[in-house]
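These notes are about the structure you will find just below.
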């Protein structure tokens, strides 16, 4: 390898370091979104992508910012819905919180089922297959799906806007642009601005890399929030 080649590689490494430092500065500061809210999105993305070292660091930062107790319980619920049990368990361990109660009532009665069908509009022309199939073939799972929504949106310590932005960040981090677009649109309906969605999308980059930002940017453009 020539000296010129060595210098070229060194320059590229330096540029990469500066790039990450600049991104980190944006994510750590109060800007369009507060630093505490961005810490929530960073920790959710790390848990969903299985980035254990990043998760450990971001969970510690939640504590440093004084928002762990405020956000973590509701955040575990949201991560469990969008990324599954294993991601929620990782987040629970990182934040020293218990994700799952030991025992829960699982019986489903006709009132539960009727309530779930009404909530999702089962039987209407607008009911999507994701709920219509459950209603027909697995009604207990439809009730469980309704309860996941209730836990995430109605019983969480996170407000609706933050829930949607966390869902958007996680979907972007996992490179799921269609789902990211859905939650970008819902975040806008809940009051998020375009600048806030950009920062939420950038929170996906430490765990998902630049493809995560591509997913986020396409989702934001699709919804074209103001």
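Remarks
- Hydrodynamic radius (Kirkwood) for the stretch 175-221, which is based on Cα pairs only, to one decimal in Å: 10.2
- Value of [θ]222 nm, deg cm²/dmol, for the chain, DSSP H segments ≥ 4, -39500 (n - 2.57) each, nearest 500: -23000 deg cm²/dmol
- Helix axis angle, 85-95 relative to the chain longest principal axis, alpha carbon, degrees: 60
- The orientation-averaged projection of the convex hull spanning the C-alpha atoms of the stretch 100-226 amounts to 9.3 square nanometres.
- Axis angle, to the nearest 10 degrees, between helix 68-83 and the longest C-alpha principal axis of the chain: 70 degrees.
- Part-to-part distance (alpha-carbon centres) for the stretch 55-119 and the stretch 175-214, which is given in Å: 21
- Principal-axis tilt of helix 177-189 within the chain, Cα atoms, nearest 10 degrees: 80
- For the chain, a Gaussian network of Cα nodes joined below 10 Å ranks 93, 161, 61 by mean-square fluctuation, and the top entry is 93.
- Per residue, the convex hull spanned by the alpha carbons of the stretch 110-151 comes to 60 Å³.
- Here the stretch 204-219 is scanned for amide nitrogen atoms under 20 Å from the site 7 Å beyond the Cα of residue 97 along Cα-to-Cβ, giving 204.
- log10 of Debye I(q)/I(0), alpha-carbon scatterers only, for the chain at 0.08, 0.12, 0.15, 0.16 Å⁻¹: -0.34, -0.69, -1.00, -1.10
- Å³ per residue enclosed by the Cα convex hull of the stretch 38-121: 111
Throughout, read-outs are computed from the coordinates displayed, never taken from laboratory work. Since this is a predicted model, take the numbers as computed values, not measurements. So basically every Cβ, Gly included, is an ideal-geometry build from the backbone, and we count neighbours across all protein chains shown.
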